[in-house]
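Heads up, the thing below is written out as structure tokens.
The values are calculated or read from the model by the stated rules, or taken from the named source; none is laboratory data. In this text the structure is predicted, and so the values were computed from the model without any measurement. Positions of Cβ are generated from backbone atoms using ideal geometry, with glycine treated the same way; all protein chains shown enter the neighbour counts. In case anyone asks, the SASA skips ligands and DNA or RNA and just uses the protein heavy atoms, side chains included. Shrake-Rupley method; radii C 1.70, N 1.55, O 1.52, S 1.80 Å.
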Amino acid sequence: IVAGQPIHIMSSMIPIFIMPIAVLDSVHVLSEFFDRYRATGDRVATTKTVIDELFMPMLYTSLTSAAGFASLALTPIPPVQVFGLFVAFGILVAWVLTITFIPAYIAFLPARTFENFGAVHGGEHGQGDAAAGSALSRWLRRLGPFTMRHSKAILAASAAAVVVAGYGISRIEINDNPVKWFAAGHEIRVADRVLNEHFGGTYMAYLAFIAADGDYDAASFTAGLEQRLQRKKSALAAEGVPELGVAFDAFAAEVRPVATTVSSAEAALDRLDRLVEQRSAASEGDLAESWDEVASALAAERQRGEVFKDPAVLRWLAGLQAELKRGGLVGKSSSIADVVQTVHRELFLGKDEEYRVPDTSAAVAQCLLTYQSSHRPDDLWHFVTPDYRETSLWLQLTSGDNRDMVAVHDAVEGYIAATPPPAALQHEWFGLTHINVIWQGRMVTGMLESLAGAFAVVLLLMVVLFRSLLWGLLAMLPLTLTIAVVYGAVGLVGKPYDMPVAVLSSLALGLAVDFAIHLLARARRVRQRTGSWPAAVAELFDEPARAIARNGIVIAVGFLPLLFAPLVPYQTVGFLLAAILAVSGVATLLLLPAAITLGERWLFRGARSAATKIEEKNR
């Protein structure tokens, strides 16, 4: 609010995306504190140990998540840029609060709050190991050795999953429709369906055709006008009124000086019109009528540039409308060609066979004049500009899907390529339905670029964190598998790649690498202390794995209520968030230990256990 950003669908989703990452760090801290507190009984000492253990992993998970969302600033869509930057800022604020507020809150609580708090470890008061006795702990304890025994099978299954996911990704169809953000039974969806079944279409798109301006050539303009003047003069002589042609020779001498002092045919005609008006006003009798005939010749010359009075052009435009109608996506279209054909039919007493474009430009002009006389004159300018060099084709689509608008784009391009217009025309799309397609294209391209950039940034951070390219690549395995599996499933089930799905790619990147950072950071410490990977696995699948599992389960389940939200994008976010957390958690607990088991000799090359170092020091 202070930043002055308007609330829209992107900004309304900011807290939804900040919440899981903010809670991740908190759950890790509290889970670790719960498991360690009974061993010391000192909350301050326990808090210091926990923060010391988790400070760097939480810092890097927050940095990687923030980098993933900040990369959205690379997209060319301002709402997405604002969304990415605000979520990135929120993640960093959440990290600061986690390492400051939570320890302070723990220290502030009265001592009695911690009575009977924490996991009871084996041998304490003879009660056994409560934490280890939970169903989750028993399952994780068996999972560790399983990843070692079946490491090759796990990697093979992961590779197969990536292959299948690749096929699914290749089937993803990019499409969006804001109306389909509502549930199928919502009154808006029902009304939309009924209206489009019974009427021409509720989704408007507009196609502007603009007559291309050629380079102005004074000599060519002069020659063409002189020829028209000569033909008009000869026609008057043939009609037996040669006295009405006397002004033509005088005017012909005026054409060339005017034509060479202007930069366009329009400017030349405007100046010549004023010249004829002056000559006509200063003349009387036959001479005045002769100048009137010159004015009519000038009007005919000007009409040559009025492209959308040309019958051939109007017939071509009507042909385009008919072609789009046959395609089935356009329910109705309206243009200046419809105006001309309708008026022409009514001038012939409503005969159906007269619903056509007249054969001459003069007849077209008469139809348009009749239309203006029977309507508000300015109504015609909704379809064409007063100089008749630009026109607008109105299209009513029966579907708001972006893919259908793209199909109409392709149909227009195909028609123009197969049936070139009689005059040089340029065309441009506009309207909300077309804007949605442009938004989609920018969004998809921008998201892919930001995802690639964020992936590279996260990889660089992993290399810096672990000071090893090999370990950095290892940390990216769950992330890569999660993104592939989730988006592969999107393609396999036929879910369109729309705005929510595109935005979730950044969240997938941030969440999928968080678990990997925590597991690998602890794995390196435990392996260094124990001196062997099998011994490290037993400890790794205790507190660290339990914290990861708790995080995944709690947050995934916490987002499932979004499935009952009234808007489909929120339902999509809820389901995919749960899927991302589930897949990334399972991938972290299965794939990473299996990969470390097979690559132990390279990953821990030169590493020595703490016990080995002590022995060497004693010697």
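Of note:
- Among the candidates TRP394, TRP381, residue that is open to solvent by 30 Å² or more (accessible area, probe 1.4 Å), of a type outside the set (A, V, I, L, M) and modelled with pLDDT under 95: TRP381
- Members of the range 186-207 found to be more than 25 Å from the chain's Cα centre (by Cα) and within 15 Å of LEU393 (Cα to Cα), listed by number: GLY200
- Criterion applied to LEU287, LEU244 was being more than 56 Å from the chain's Cα centre (by Cα), farther than 25 Å from ALA362 by Cβ and not small (Gly, Ala, Ser), and the one residue passing it is LEU287.
- Some residue of the range 197-213 being under 30 Å from LYS332 (Cβ atoms), assigned to a loop (DSSP other than H, G, I, E, B) and at pLDDT below 85: yes
- Residue list for the range 478-507, filter: closer than 16 Å to ASN177 by Cβ, open to solvent by 10 Å² or more (accessible area, probe 1.4 Å) and outside any strand (DSSP E or B): GLY494, LYS495, PRO496, ASP498
- Filter pass, GLU390 being out of contact with any strand residue (DSSP E or B) (no Cβ under 7 Å at 6 or more places or on another chain) and over 30 Å from ASP192 (Cα atoms): no
- Within the range 16-57, the set of residues being hydrophobic (A, V, I, L, M, F, W, C) and either more than 15 Å from ILE555 (Cβ to Cβ) or touching a strand residue (DSSP E or B) at 6+ places or on another chain (Cβ under 9 Å) (or both) comprises PHE33, PHE34, ALA39, VAL44, ALA45, VAL50, ILE51, LEU54, PHE55, MET56.
- Residue tally, condition open to solvent by 10 Å² or more (accessible area, probe 1.4 Å), among the aliphatic types (A, V, I, L, M), touching a helix residue (DSSP H, G or I) at 6+ places or on another chain (Cβ under 7 Å) and under 13 Å from SER71 (Cα atoms), over the range 441-477: 2
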